[in-house]
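First the structure, in the form of structure tokens, and then the observations on it.
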Protein chains: 2
Amino acid sequence: MRRNMLDRIFREARTQNAWRDTPVGDETLQELYDLLKWAPTSMNCGPARFLFIRSPEAKQRLLPLMSPGNREKTRQAPVTVIVGYDLEFYEHLPKLFPHRPEARDGFAAEGRQAHAQETAFRNGSLQGGYLILAARALGLDCGPMSGFDAAAVDAEFWQGTSVRTNFICNIGYGDHAVLHQRLPRLAFDEACRLL
Amino acid sequence: MRRNMLDRIFREARTQNAWRDTPVGDETLQELYDLLKWAPTSMNCGPARFLFIRSPEAKQRLLPLMSPGNREKTRQAPVTVIVGYDLEFYEHLPKLFPHRPEARDGFAAEGRQAHAQETAFRNGSLQGGYLILAARALGLDCGPMSGFDAAAVDAEFWQGTSVRTNFICNIGYGDHAVLHQRLPRLAFDEACRLL
């Protein structure tokens, strides 16, 4: 059983390129967030923001901003998540990290924008990874994508906010008949060293 | 059983601040990499690099570079992983993404450094998240940290390479008696929207 779960999350999960029309209910998206939210971020800063695109109207706003090769699969997917990160995540620190009240100012103060940006991007990306693995743990398939016009997605979906788009991920139940061939990975000795 | 695994990876896992002296064998680190390596990165670029610090000698090189509050727990942990990302990850694309031979030049060409840096940091961070969750899935505890002198760690451990430090993570079996109080998370409506 443990082996099954490791296979499902890591070893046998595959990036999907086509989707069955099995829907994903809103309660599943709630369950997904209620898993991924517990995984760690520095100072519990939790900068990731998630737009779950489900309606045809919202899909139509997104599709022209995707790279041509990503449009049809994004149209098919029951849910497309725009994963963003909030550059002003620190405004929530008084609630999220209450025992250190000065934490907010370490990011909000003059001259700390680059530090805040790096923290938001690093931890927002960690949370993007948690989203993918939590979805798989719940039996969903994922199709993460970097091929889209990020400035245009920001303007269309995050206008007037301090959130920026990180990546976009289709979620649903994949059509496993049309998977690409699995690509190789770096060997342990190429990516790791023991010291 | 599925519930147990979700609890272990997400709901009940906690960032550790003290460590039992139970060792973590090299074969466990190999198993850890052999899980996390399968999780997705854009163009299969896999930019993360991992230094597994186990020996007292290597620990001694690292400890003075950690923030004071992170030193004692890092000294105790059986393994401390320096999670880095390779800015020249694209040199491996001909092997990792062989069906698109022009992929390398999209990062290596003049004027593409910022794009390569962003791709390395985003995907290296995703892989850092995969490391944490894969370790938990194998029954290990984690203690990720951002409090250290990144430039000094780069100089001490990645000198002469194109790798930069992302974050540092203790791994082992935690002393659950000394956990901090669990911090709150943003509610669904604060972090997510359904469109």
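Readers should treat all values here as calculations from the given coordinates under stated rules, not as data from a laboratory. Nothing here was measured: the structure is a model prediction, and the numbers come from that model. Cβ sites come from the backbone with ideal geometry, for glycine too, and all protein chains shown count toward neighbours.
Placing +1 on the Cβ of every Lys and Arg and -1 on the Cβ of every Asp and Glu, with nothing else charged, gives region B:30-141 a dipole about its Cα centre of roughly 380 debye. About the Cα centre of the protein assembly as shown, how large is the charge dipole given +1 on each Lys and Arg Cβ and -1 on each Asp and Glu Cβ? Please answer in debye to the nearest 20. Approximately 760 debye in magnitude.
Roughly what % of DSSP beta bridges within the protein assembly as shown run antiparallel, to the nearest 5?
Details: 42 of 48 bridges.
Bridges in the protein assembly as shown that DSSP calls antiparallel: roughly 90 percent.
Along the axis of the charge dipole computed for the protein assembly as shown (Cβ charges of +1 for Lys and Arg, -1 for Asp and Glu, origin at the Cα centre), the listed residues A:Ala120, A:Ala108, A:Cys45 are led at the positive end by A:Cys45. Taking a ≥ b ≥ c as the square roots of the eigenvalues of the Cα gyration tensor, an a/c ratio of 1.5 or more together with a/b larger than b/c marks region B:131-191 as prolate. Principal axis extents of the Cα atoms in region A:4-91, from largest to smallest and rounded to whole angstrom, are 39, 37, 25. Among B:Thr119, A:Thr80, B:Thr161, A:Thr22, sorting on how many other beta-carbon atoms sit within 10 Å of each Cβ, with the fewest leading, yields A:Thr22, B:Thr161, B:Thr119, A:Thr80.
Partner lysines whose Cα lies under 29 Å from the Cα of A:Lys95, excluding those fewer than 8 positions away in the same chain, are identified as A:Lys37, B:Lys73. Hydrophobic long helices, here whole DSSP H runs in chain A with Kyte-Doolittle means of at least -0.5 and Cα atoms spread over 20 Å or more along the helix axis, are found at A:113-137.
What shape does the protein assembly as shown take by its C-alpha gyration tensor, where a ≥ b ≥ c are the square roots of the eigenvalues and a/c under 1.5 counts as rounded, a/b above b/c as prolate, and the rest as oblate? The shape class here is rounded.
Panel order for B:Lys73, B:Lys37, B:Lys95, B:Lys59, by other beta carbons found within 10 Å of each beta carbon, from fewest to most: B:Lys95, B:Lys59, B:Lys73, B:Lys37. Taking other C-beta atoms within 10 angstrom as a stand-in for reagent exposure, B:Asp189, B:Asp149 fall in the order B:Asp189, B:Asp149, fewest first. Residues whose amide H falls under 5 Å from that of B:Val79, counting only those 5 or more places apart or on a different chain, are B:Ile171, with hydrogens built in the peptide plane. When you filter the GluC sites (Glu not before Pro) in region A:93-195 for DSSP loop state and at most 11 other Cβ atoms inside 10 Å of their Cβ, you are left with A:Glu102, A:Glu110.
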